[in-house]
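Asks: Please find one structure pasted underneath; my questions will follow.
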Amino acid sequence: MPNAIELIVGGYVSLNDRRALDDLRMQRRKLAVDLKARTGFDCRTTIQQIEEDINVIEAGLAQLDGAGTT
């Protein structure tokens, strides 16, 4: 079963909504930077999940790039 981010990205890809995907990626990147800067907490698992989310988002953007070139 796909996780939430895969469903969200799939929806944006089907709507051809590059802006929403870019915004989502930027939000995730900012969150990862903020968590990496935290001290006193072990955020490695959360950071890893956010980085996986970014990979899914970038795959969605790549799909849009591929659809635009065909």
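The values are calculated or read from the model by the stated rules, or taken from the named source; none is laboratory data. Computed from a predicted model, the values in this text were never measured in an experiment. With ideal geometry, Cβ positions are generated from the backbone for all residues, glycine too; neighbour counts draw on all protein chains shown. The area values use the complete protein model at the heavy-atom level, side chains included, leaving out ligands, DNA and RNA. Shrake-Rupley method; radii C 1.70, N 1.55, O 1.52, S 1.80 Å.
Asks: Contact list please: Cβ distance under 7 Å, first residue in the stretch 26-45 and of a type outside the set (Val, Ile, Thr), second residue in a loop (DSSP other than H, G, I, E, B), pairs at least six apart or on different chains.
Replies: Leu35/Cys43
Asks: Any idea which of (1) open to solvent by 50 Å² or more (accessible area, probe 1.4 Å); (2) more than 10 Å from Gly60 (Cβ to Cβ); (3) not charged (D, E, K, R) is the one Tyr12 doesn't satisfy?
Replies: Unmet for Tyr12, out of (1) open to solvent by 50 Å² or more (accessible area, probe 1.4 Å); (2) more than 10 Å from Gly60 (Cβ to Cβ); (3) not charged (D, E, K, R): (2).
Asks: Within the stretch 16-49, can you find the residues that are under 12 Å from Leu61 (Cα atoms) and either open to solvent by less than 50 Å² (accessible area, probe 1.4 Å) or of a type outside the set (Asp, Glu) (or both)?
Replies: Of everything in the stretch 16-49, those that are under 12 Å from Leu61 (Cα atoms) and either open to solvent by less than 50 Å² (accessible area, probe 1.4 Å) or of a type outside the set (Asp, Glu) (or both) turn out to be Asn16, Arg18, Arg19, Ala20, Leu21, Asp22, Leu24, Arg25.
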